[in-house]
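One structure is given here, and the rest of the page talks about it.
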Amino acid sequence: MLAKEFEFHAPEELDAALGVLGNGGGIVKVLAGGMSLVPAMNLGLVRPDTVLSLNHVRGLDQVEDRGDSIAIGAMVRHDRIAADPEIGSAFPLLATAARAIGDVQIRHRGTFGGSLAHADPAADYLPVMTVLGATLRLRSSDGERIVPAREFFVDIMLTDLGRDELLVEVEVPKQPDSARSAYVRLARVEGSFAIVNAAAVVDEGKAAIAIGGATGAPVLIEPDVDLSGGLSEEALEEIGDSAYEATDEAFGDLNSSAEYRRELARVFARRAVQTALGQRDGGPE
Ligand SMILES: Cc1cc2nc3c(=O)[nH]c(=O)nc-3n(C[C@H](O)[C@H](O)[C@H](O)COP(=O)(O)OP(=O)(O)OC[C@H]3O[C@@H](n4cnc5c(N)ncnc54)[C@H](O)[C@@H]3O)c2cc1C
């Protein structure tokens with residue numbers, strides 16, 4: 001049962017959508033895949049006066065190769081991210097992350113932009129976009145802003161998105177051919193949110209690792225290690241220690257204490273780098 005009546009808009013043009021967002025009555029909520037918004041409305045946790053659906057807005061569901069980057073529209077669904085050959089070849093870790101999301105129904109309805117805007121700390125895309133250095137295009141009736149993923153995620157379900165702004169597209173820079181990458185996660189059961197996840201890019205002896213699920217927003221670490229001669233036990237220790245130190249603001253909940261999350265951050269940062277370098281398959285230890 002829906003908790004409250006609301007006005008519903010389903011425009012076909014972006015300008016019309018931005019108009020509703022800027023001028024709609026009362027609390028306006030954007031509906032993308034509805035996989036997070038609709039349950040929240042059913043529970044009465046969110047009580048919008050106006051619901052603005054993006055499902056018919058033209059141009060938001062494109063994947064475009066721009067040479068040095070790939071632009072992914074906000075309304076591209078998880079199942080397309082998981083299967084798109086351009087995305088899979090440029091960012092295999094992003095395809096891995098999409099395949100890990102929920103179940104087949106969630107992946108068919110849920111959207112890339114919806115997940116990023118919702119910013120659940122355990123969402124699979126957050127560390128991936130952070131480590132890849134993606135930028136988010138935000139539009140309002142007044143213009144647009146480009147915000148790096150590394151600044152967009154602020155805290156638990158809190159982003160830099162203004163009330164009158166829509167996330168319309170994410171541009172992900174292609175990695176050099178020499179780069180190796182991986183995405184790994186721990187969930188209690190298959191199909192559920194990760195408790196902690198990690199995405200790594202290793203190139204020219206350096207590693208960058210983004211850790212999600214431990215803290216309100218993903219943390220990015222660039223440990224002081226040189227992997228050009230291989231992955232030594234000392235380097236692995238340093239990577240794990242850096243992850244542990246960087247997650248000192250970890251939170252606890254029913255799934256896990258804060259301290260356990262920090263230990264998972266240690267393990268999964270190491271595991272992401274090992275997986276990127278082909279030394280393990282990303283499965284349980
Ligand atoms: C049972 C279940 C299991 C799940 N498991 C996982 C999982 O394992 N991993 C994972 O990452 N996610 C998981 N999810 C979440 C799923 O990925 C959702 O698809 C996602 O969080 C929200 O995307 P959506 O398109 O459905 O957005 P919606 O639910 O429509 O919207 C979510 C929020 O984002 C806002 N919003 C949406 N699009 C935009 C936009 N373009 N611009 C501005 N604001 C916008 C909405 O107003 C709303 O506040 C799960 C969800 C369920 C129900």
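Coordinate-derived values only; no laboratory data. What you see is a predicted model; the values in this text were computed from it and never measured. Cβ atoms come from the backbone with ideal geometry, glycine included; neighbour counts cover every protein chain shown.
What the table shows:
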read-out	value
Ranked list, fewest to most other Cβ atoms within 10 Å of each Cβ, for Y125, Y260, Y244	Y260, Y244, Y125
Within the chain, helix-based [θ] at 222 nm, where runs of 4 or more DSSP H residues each add -39,500 (n - 2.57), nearest 500	-9000 deg cm²/dmol
Whole-Å distance, taken between Cα centres, linking region 197-272 and region 134-165	25
Cα centroid separation - region 57-118 against region 2-22, whole Å	23
In Hz, Karplus ³J(HN,Hα) per residue of region 105-122 (6.51, -1.76, 1.60; θ = phi - 60°; x = Gly, Pro)	5, 4, 6, 6, 9, x, 10, 4, x, x, 5, 5, 5, 5, 6, 4, x, 9
Under Karplus coefficients 6.51, -1.76 and 1.60, residue-wise ³J(HN,Hα) of region 84-89 in Hz, glycine/proline x	5, x, 5, 5, x, 7
Percent antiparallel among DSSP beta bridges (both partners in the chain, rounded to 5)	85
Counted charge near L220, where neighbours are those whose Cβ lies closer than 12 Å (Asp, Glu -1; Lys, Arg +1)	-1
Highest average packing first - 69-76, 252-259, 183-190, Cβ atoms within 10 Å	69-76, 183-190, 252-259
Footprinting exposure proxy for I209, I81 (fewest neighbouring C-beta atoms within 10 Å first)	I81, I209
Check: region 136-177 dipole with +1 on Lys, Arg Cβ and -1 on Asp, Glu Cβ, in debye	40
Cα-based convex hull, region 149-239, per residue volume (Å³, whole number)	143
The chain: relative contact order in percent, alpha carbon pairs under 8 Å with at least 6 residues between	15
Residue-count net charge about A71 - beta-carbon cut-off 15 Å; Lys, Arg +1, Asp, Glu -1	-4
Per-residue HN-Hα couplings for region 210-215 [Karplus 6.51, -1.76, 1.60; θ = phi - 60°; Hz; x = Gly/Pro]	10, 10, x, x, 8, 10
